[in-house]
Amino acid sequence: MQKQVAKRLGMFALATALLSGLGGCASTANNPKDPWEGFNRAMFSFNEGVDKAVIKPVAQGYDAVLPQPVQTGVGNFFGNIADVFIAFNNLIQGKPGDAVSDAGRVFLNSTVGILGIFDVASVAGLEKHDEDFGQTFGRWGVGDGPYVVWPFIGSRTVRDTVGYVVDVAADPVRNVDHVPTRNAAAALRLVDTRASLLPAEKVIDDAALDKYSYMRDAYLQRRKNLIYDGNPPREKLED
């Protein structure tokens, strides 16, 4: 496991160096937050193609075959694992109350909720939070950096890219030593997450004249809201 973490951290260092190099040659674009728009649109189209050819059909089959209570249980199970690191991120962000609440969720759902299959913590009034290392870096004052779309991974900012690498290095699912189990769990989580997005997809397709711009702006706005817990500061208007 230590070798896997070290390898991933090495990849992170390489990615950071490459991003730094890209930053030096970024050209001015219509959206100042998206200086690499040409590259990003190409990656967006690539990801859309992979999704339509492989991931979406599998997610649709998953959604059609498995009853909703089973899908809910799968989502709850992986959500319970995520709560461990949500608690840690809340703690290092200086929100001990939320961290204690998250730890309580893990305890209740892992025991009474049978390994997290049932979300009894929410019924008990313990709120589900959404925190990751990208948000933590943002709370610490690290700027967004340019928006970037990675193949397979999707939308990120430079800061969130660094956070994502740390998330991956710390993810219990990705660090399972038994390779078949690790791959099966990661694939199940991916398909379950994609299936949960199916209802919103038609709304996005109908609403967006330019899906790329719509998804970019939605991502940036959502991340800002998450970092500031739904109360972001107003942007200063340019003179």
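The values are calculated or read from the model by the stated rules, or taken from the named source; none is laboratory data. As the structure is a prediction and not an experimental result, all values here were calculated from the model. Quick reminder, even Gly has a Cβ in these numbers, built from the backbone with ideal geometry, and neighbours come from all protein chains shown.
Would you confirm whether any residue within segment 113-134 is of a type in the set (Gly, Ala, Ser), under 22 Å from the mean Cα position of the chain (by Cα) and within 30 Å of TYR212 (Cβ to Cβ)? The answer is yes, given that some residue of segment 113-134 is of a type in the set (Gly, Ala, Ser), under 22 Å from the mean Cα position of the chain (by Cα) and within 30 Å of TYR212 (Cβ to Cβ). With respect to being of a type in the set (Gly, Ala, Ser) and either closer than 28 Å to LEU220 by Cβ or surrounded by fewer than 16 Cβ atoms within 10 Å (Cβ to Cβ) (or both), GLY61 fits the description. Among the numbered conditions (1) assigned to a helix (DSSP H, G or I); (2) farther than 30 Å from LYS211 by Cα; (3) modelled with pLDDT of 95 or more; (4) over 22 Å from the mean Cα position of the chain (by Cα), the only one that ALA64 does not meet is (2). Here the condition is being of a type in the set (D, E, K, R), modelled with pLDDT of 95 or more and in contact with a Phe, Trp or Tyr (Cβ under 9 Å, 6 or more places away or on another chain); of ASP98, ASP119, ASP102, it holds for ASP102 alone. Mind listing just one residue for me: the one in segment 156-180 that is touching a Leu at 6+ places or on another chain (Cβ under 8 Å) and of a type in the set (A, V, I, L, M, F, W, C) and, of those, surrounded by the most Cβ atoms within 10 Å (Cβ to Cβ)? Ranking the candidates gives VAL158 first. Of all residues in segment 181-239, those satisfying the criterion of being assigned to a loop (DSSP other than H, G, I, E, B) and either touching a Cys at 6+ places or on another chain (Cβ under 9 Å) or surrounded by 14 or more Cβ atoms within 10 Å (Cβ to Cβ) (or both) are ALA208, ASP229. Considering every residue within segment 111-134, establish whether at least one is of a type in the set (D, E, K, R), assigned to a helix (DSSP H, G or I) and farther than 17 Å from VAL74 by Cβ. Looking through segment 111-134, none of the residues is of a type in the set (D, E, K, R), assigned to a helix (DSSP H, G or I) and farther than 17 Å from VAL74 by Cβ.
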